[in-house]
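Comments concern the structure below.
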Amino acid sequence: MNLPHGVRSKSTRTDRLTMQYIESGPTDGVPVVLVHGNLSTGRFYEHLMPVAPEGYRLIAPDMRGFGDTERVPIDATRGLRDWADDTFSLVNALGITRPVHLVGWSTGGAAIANYAQDRPVASLTFVDPVSPYGFGAVRLDGQPCYPDYAGSGGGTGSPEFTKRLAEKDKSSDSPFSPRNVINTSYWAPTHHEPAEREEMLLAEVLKSETGDDGYPGDSTPSPNWPTVAPGTRGILNALSGKYCNWAGIVDIDPKPPILWTHGTADIVVADGSAWEMGTLGKMGAVPGWPGEEVFPPQPMVTQIRNVLKGYSDAGGHVRTEMFEGSGHGPIFDAAERWSAIFFEFLVSAEKEAKAGAAGSKK
C-alpha cells in the first residue's frame, strides 16, 4: 500500500467487528477520527494527514460495507448508528479514553452526529453532510412526502451503476461507470485528481459491498410514486429519512463546537440534489412525478442550516464556511484552504476544551 509519508495502515478487532484504518501522528496525540462517506473509504482522507499540526493523531477507518473492514451487514433501521457505534468501538479498542474530535463527510456527517448524540465528543466537523432528515422524500420540516417514505432508500439506486460497481468496472465509457460518477459528483468538474491518485480512489470505491446488505440495499414495493419505499438493509436505506435523523443534535448538552463546511457547487447534497427523486422527477428524468405539492425537491442545505441555527440558538458554537465553486468534497478540490480552516478550528476547539476543563477544577 503506497501511503503518504507518516501515514500508517492498520487493522484491529473491536467488540463489534474487525476494522481497517489509516492513521498519522503520535499514538498518544489528540485523537481525531475522520469518517468517510458513502462509496468511499478512509483513504479518501489520507492527503490531509501529512499537513496536520504536531501532537494530533488522525484516524480514518473504513466503515462497515466499505473498504477492507470486515464484511458485516448494515442494519438500516438504526440509520447511521451502526457506523456511529462501530466508530466508538474502534476508539475503545485503540485505548482512547478521552472525547475525540470527529469529522464526517457526506454520509459520515450523520454518523458523527449520532455518535455525539449518544456520547461526549470534543468537536464536530461536517463536510457536506447528508441532511439532518436523511436523503430524499422529505419536506423542509423533515416530514415525509408519503407515510412510507417512498422515493428514498435502496430502490432509488441506479441499477446500471450498481451493476458496474459489482463488476469492478474501471472504464469511463458510461455516465454510470464508477470512475465517471466520482469525477462528476465527488468534486467540482474543474478539479482533476492526479492520475495515480484517481486510480487509487477508484480502486477503493470498487471495494464497496454491493447487494441487499451493502449498496444499495433492499427495497419495498409502494403504491406511491415512484413505486419503491425503503427496505431495512444496506446503506441507501440507512440514509432514508425513515431511519436517518440527526436533528436531535440540537439537544446535546454540553454542546461541542461545530464546523460546517460546504461546497456551493455540490450536486449531491443541495437544495435540489441531482441524485434525489424530487429533483429527478421535476427534471422529467423519472416519469410520473406528482408535482411539487406532493413531492418537492428536498431542500437539503436549508435543512442543515436551519438545524445548525437551532443548535446555535440553544447555546452551541457553530462556524460555517462556504467553499465557492467547490463540489461535494472541498477536502479535495479546495484541500489547502479546507485544511487550513479545519486545523485552525481543531486547535482552537482543543484550547477551549482545555480551558473549560481547567476552569471546572477550580
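Here are the numbers:
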item	result
Number of the condition not met by ASP28 [criteria: (1) in contact (Cβ under 8 Å) with a residue 24 or more places away in the chain; (2) out of contact with any Lys or Arg (no Cβ under 8 Å at 6 or more places or on another chain)]	(2)
Any chance THR27 is open to solvent by 50 Å² or more (accessible area, probe 1.4 Å) and out of contact with any Asp or Glu (no Cβ under 9 Å at 6 or more places or on another chain)	yes
Any hit, the stretch 75-89, residues being over 28 Å from TRP275 (Cβ atoms), surrounded by fewer than 24 Cβ atoms within 10 Å (Cβ to Cβ) and not aliphatic (A, V, I, L, M)	yes
Qualifying positions in the stretch 295-304 - assigned to a loop (DSSP other than H, G, I, E, B) and open to solvent by 20 Å² or more (accessible area, probe 1.4 Å)	PRO296, PRO297
Residues being among the β-branched types (Val, Ile, Thr) and not in a helix (DSSP H, G or I) - total across the stretch 133-158	1
Selection count where residues are in contact with a Ser or Thr (Cβ under 9 Å, 6 or more places away or on another chain), in a helix (DSSP H, G or I) and among the acidic types (Asp, Glu), scope the stretch 311-333	1
Flag if ASP253 is among the acidic types (Asp, Glu), in contact (Cβ under 8 Å) with a residue 12 or more places away in the chain, within 29 Å of LEU124 (Cβ to Cβ) and not in a helix (DSSP H, G or I)	no
Residue tally, condition among the charged types (D, E, K, R), more than 17 Å from GLU209 (Cβ to Cβ) and surrounded by fewer than 19 Cβ atoms within 10 Å (Cβ to Cβ), over the stretch 149-184	3
Residue check for VAL307: of a type in the set (Val, Ile, Thr) and open to solvent by 30 Å² or more (accessible area, probe 1.4 Å)	no
Given (1) under 20 Å from the mean Cα position of the chain (by Cα); (2) at negative phi; (3) surrounded by 19 or more Cβ atoms within 10 Å (Cβ to Cβ), index of the condition VAL228 fails	(1)
Pair list, Cβ under 6 Å, 6 or more apart: the stretch 231-250 residue under 15 Å from TYR149 (Cβ atoms) and in contact (Cβ under 8 Å) with a residue 60 or more places away in the chain, other residue part of a helix (DSSP H, G or I) and of a type in the set (Val, Ile, Thr)	THR232/THR77; TYR243/THR77
Check on ASP85, modelled with pLDDT of 95 or more, out of contact with any Cys (no Cβ under 6 Å at 6 or more places or on another chain), in a helix (DSSP H, G or I) and over 28 Å from VAL347 (Cβ atoms)	yes
Filter result for the condition that a residue is hydrophobic (A, V, I, L, M, F, W, C), assigned to a loop (DSSP other than H, G, I, E, B) and at pLDDT 95 or above, over VAL268, VAL307	VAL268
Members of the stretch 57-106 that are of a type in the set (A, V, I, L, M), under 20 Å from SER9 (Cα atoms) and touching a Ser or Thr at 6+ places or on another chain (Cβ under 6 Å)	LEU58, LEU90, ALA93, VAL103
Residue in the stretch 48-61 that is farther than 23 Å from GLU350 by Cα and in contact with a Gly (Cβ under 8 Å, 6 or more places away or on another chain) present	no
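Here is a yes/no grid of residues against (1) within 22 Å of GLY241 (Cβ to Cβ); (2) of a type in the set (Ser, Thr, Tyr); (3) in contact with a strand residue (DSSP E or B) (Cβ under 9 Å, 6 or more places away or on another chain); (4) not in a loop (DSSP other than H, G, I, E, B):
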position: ALA60; (1), (2), (3), (4): no, no, yes, yes
position: MET63; (1), (2), (3), (4): yes, no, yes, no
position: PRO99; (1), (2), (3), (4): no, no, yes, no
position: GLY108; (1), (2), (3), (4): yes, no, yes, yes
position: SER131; (1), (2), (3), (4): yes, yes, yes, no
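For (1) open to solvent by less than 10 Å² (accessible area, probe 1.4 Å); (2) touching a strand residue (DSSP E or B) at 6+ places or on another chain (Cβ under 9 Å); (3) modelled with pLDDT of 95 or more, each residue gets a yes or a no:
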position	(1), (2), (3)
GLY263	yes, yes, yes
GLU293	no, no, yes
THR320	no, yes, yes
ALA334	no, yes, yes
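The values are calculated or read from the model by the stated rules, or taken from the named source; none is laboratory data. Keep in mind the model is a prediction, meaning the values are calculated, not measured. Glycine also receives a Cβ, built like all others from the backbone with ideal geometry; neighbour counts cover every protein chain displayed. Protein only, heavy atoms only, side chains kept; ligands, DNA and RNA dropped before computing areas. Shrake-Rupley method; radii C 1.70, N 1.55, O 1.52, S 1.80 Å.
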